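Inspection log for the structure reproduced underneath, given as structure tokens.
Values in this text are rule-based calculations from the coordinates and carry no lab data. As the structure is a computational prediction, the values presented were derived from the model and not from experiment. So basically every Cβ, Gly included, is an ideal-geometry build from the backbone, and we count neighbours across all protein chains shown.
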Amino acid sequence: MNEIFTARGSVLIAGVTIDGSTVDIALDETGTIAAIGKDARKTIDADIVIDGSDRIAVPGLVNTHTHAAMSLLRGYADDMILQDWLSQKIWPLEAHLTGDDVYAGTRLACLEMIKSGTVAFNDMYFFMDRAAAAVDEMGMRATFAYGFIDLGMEEKREAEIKATETLIAHIKSLNNPRIQAAVGPHSVYTVSPEALSWCGDFAKEQNIGIHVHLSETEKEVVDCVAQFGKRPAVLLDEYGCLTPRTVAAHCCWLDEAECRLLGERGVTASHNPASNMKLAVNRAMPYHWLKQYGANIALGTDGCSSNNNLDLMEEMKFAALLQKFAWNSPTLLPANEALTMATAAGARALGTGPGTLTVGAPADIVLLDTRAVCNTPLFHADSNAVYACNGSAVMTVLCQGRILMHEREVPGEEEIVREAGDAALSLADRAEESS
Ligand SMILES: C[C@H]1O[C@@H](n2cnc3c(N)ncnc32)[C@H](O)[C@@H]1O
Ligand SMILES: [Zn+2]
């Protein structure tokens, strides 16, 4: 293994391009950006030097909505209606999941995210203690929510409450600044009002965030209005589930008043354009209203079963294109805003720092290849990053100053891929046998 992965200490990224100028970035031993500038190399006696020539530095990307271990379900069931897809294919398979599966799937997801420039993600799934172990080993940051689904059944509600409490106690006991917990009510169509109320109260009591699916389909809204007499965002708000630390995934069918509500509550809307198009939810998140009313707008991939990858570089392009197409406006969501969604807005959502390359910020840094075809010619770096490149232009990734990938090498890649492939086949076999 390249010794750059095991060395510890201060890091100098020498002669790298940021916003068109060539600078040095100096990182201290704690993984914080200590200096940026022409002569930053003079401020430290670096233990590790990374050559920044032919590289553009951008902040590490933040994936604000995923189900990481669903990497094992990539390509398992495609081209279906959301409700059928979940109830006929995904949930029956997930019933056979084990903690070992989640560990293997999350490692594969981390590998894929690192290889496409993501340093942090917001995860909602099961066996999250094992997911947290995988993330810690891979050196990334993540926020973990147990996917709370009670389907209105009291017995199930008690079990989900217990699972949520256990996970949060476990994550807090790790005392690892890269690993956080959130409460994860799946959605208004899978979680009873009593349970939503418990989730809102518990998140407040524990001083942590909430991770929820919101207004993904028209059916969700129509059913919610029929059952409760109000729209999904209003219902969530009534139970204390809309807070500045709430990440609401999808938000496709919000009306203008709900967008205002999200803005007022300081909620993060996580846009997941590839998943939305694949599942044909038939409306794009109203970016213009959310922006107008001041909601924090970030980006997510959703799980690998509805995307089918975790490449946030690609997702920036999907976001910019879908918004323009859906709202008939070529000026909507320009490249620089797509980058902000994938970086600063995501970092704000998860509380992982400013999500910018500034002194005092955590050293979550991605180096892109200026010699790649997608970066040639290089008129506008933001434009190329969003519209021309995908994750394969990412060469080096640092998280909290630790080098997770260098020159596209990630330690342990072969083993991670092999073990995840085996786990996925075995999971599908077990599901097949029992059906
Ligand atoms: C946490 C739970 O969320 C499910 N899940 C995965 N993708 C979606 C989606 N697009 N909409 C709703 N639920 C989803 C997972 O399959 C898991 O059951
Ligand atoms: Zn989802």
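Looking at the chain alone, DSSP beta bridges between its own residues are antiparallel in about 40 percent of cases. Relative to one another, the C-alpha centroids of region 334-402 and region 233-301 are positioned 23 Å apart.
Bridgeable lysines around Lys317 (alpha carbons under 24 Å apart, same-chain partners fewer than 8 residues away excluded): Lys115, Lys278, Lys291.
Size of the dipole of region 32-153 about the Cα centre, Lys and Arg at +1 and Asp and Glu at -1 on the beta carbon, nothing else charged, in debye to 20? Once rounded to the nearest 20, the dipole reads 400 debye.
Applying the Karplus relation 6.51 cos²θ - 1.76 cosθ + 1.60 with θ = phi - 60° to region 274-282 yields 3J(HN,Hα) values of 5, 4, 4, 6, 5, 8, 6, 6, 6 Hz, where x marks Gly and Pro.
Assign one of three labels to region 378-429, namely rounded, prolate or oblate, based on the Cα gyration tensor with a ≥ b ≥ c the square roots of its eigenvalues; rounded applies when a/c is under 1.5, prolate when it is not and a/b is larger than b/c, and oblate otherwise.
On the way: a/c = 3.60, a/b = 1.83, b/c = 1.97.
Cα axes put region 378-429 in the oblate bin.
Largest GNM mean-square fluctuation across Leu378, Leu312, Leu97, computed for the chain with C-alpha springs under 10 Å, falls on Leu378.
Pairs of Cα atoms nearer than 8 Å and 6+ residues apart set the relative contact order; for the chain it is 20 percent. Comparing Cys252, Ser87, Leu196 along the charge dipole axis of the chain, the residue lying farthest to the positive side is Cys252, per the Cβ-charge model. Note on the chain: GNM, Cα springs under 10 Å; of Val49, Val188, Val23, the largest mean-square fluctuation is that of Val49. For the pair Glu29 and Phe5, the difference between a 0.36 nm per residue extended length and the Cα-Cα distance amounts to 7.2 nm. The Kirkwood hydrodynamic radius of region 72-171, based on inverse pair distances between different Cα atoms, is 14.8 Å.
Electrostatic bookkeeping for Ala40 treats Lys and Arg as +1 and Asp and Glu as -1; over the other residues with beta carbon under 13 Å from its beta carbon, the sum is -1. Taken along the Cα-to-beta-carbon direction at a fixed 7 Å, the label points for Asn176 and Ser434 span 2.8 nm.
If you build the convex hull over the alpha carbons only and average its shadow over all orientations, what do you get for region 155-256? Give it in nm² to one decimal.
Mean shadow area of the hull around the Cα atoms is 6.8 nm².
Radius of gyration over Kirkwood radius for the chain, both on Cα atoms: the Rg/Rh ratio is 0.96. Per residue, the convex hull spanned by the Cα atoms of region 257-322 amounts to 80 cubic angstrom. The order of the peptides 144-152, 276-284, 323-331, 158-166 by mean Cβ neighbours within 10 Å, most packed first, is 144-152, 276-284, 158-166, 323-331.
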